[in-house]
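The values are calculated or read from the model by the stated rules, or taken from the named source; none is laboratory data. Note that the coordinates shown come from a computational prediction; the quantities given were computed from them, not determined experimentally. Counting neighbours? That spans all protein chains shown, and the Cβs are built from the backbone with ideal geometry, glycine included.
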């Protein structure tokens, strides 16, 4: 084996000019991507320059092809691992989203049951306030009652919910209500 005759930047540049297209075409035949193929060839030559003083190579062209193949395989492995990771993350997101949807449906059903236990007028006022997004003044005008009565009925409904939902679900309801 012989040491590389690439001690000078000029010799290295000549080698690069002679070989880059061949290595690029080899990488591109596998990767089918211009940018990735260019990056692979760049990495091969960067590694060659870094290790130029310690490498012993008999067949420089064969070495460059093997180095290019190695870089292509390393890139493909890295992409596969990244894709596997993205696939797992997507699955977790879908699962979490489905679980969150189920929890939201369960919470909505539970709130519906709790609200059914309220007196009709209280339930109607709460519904107008929280589900139809009407203001206290609008509800008072629509039902021909005082704004203070509306506020009292909403407070009564919220106290009833807080009592029957428990602390965790109550907090979840408050967060959910803010998101609407």
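Figures for the structure shown
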| quantity | calculated |
| --- | --- |
| Subset of region 28-62 (residues that are in a loop (DSSP other than H, G, I, E, B) and surrounded by 15 or more Cβ atoms within 10 Å (Cβ to Cβ)) | 52, 55, 57 |
| Failed item, numbered, when residue 65 is tested on (1) part of a helix (DSSP H, G or I); (2) out of contact with any helix residue (DSSP H, G or I) (no Cβ under 9 Å at 6 or more places or on another chain); (3) in contact (Cβ under 8 Å) with a residue 40 or more places away in the chain | (2) |
| Pairs, first in contact (Cβ under 8 Å) with a residue 40 or more places away in the chain and not assigned by TED's automatic domain parsing to the domain that holds residue 159 in region 102-127, second outside any helix (DSSP H, G or I) and surrounded by 15 or more Cβ atoms within 10 Å (Cβ to Cβ), C-beta under 9 Å, six or more apart | none |
| Residue 73 surrounded by fewer than 13 Cβ atoms within 10 Å (Cβ to Cβ) and at pLDDT below 85 | no |
| Output for region 129-154, where each listed residue is within 13 Å of residue 115 (Cα to Cα) and either free of Cβ contacts under 8 Å to residues at least 24 places away in the same chain or over 46 Å from the mean Cα position of the chain (by Cα) (or both) | 131 |
| Boolean, residue 52 is closer than 29 Å to residue 17 by Cα, modelled with pLDDT of 80 or more and over 30 Å from the mean Cα position of the chain (by Cα) | yes |
| Residue count, region 116-131 (criterion: at pLDDT below 85 and touching a helix residue (DSSP H, G or I) at 6+ places or on another chain (Cβ under 9 Å)) | 1 |
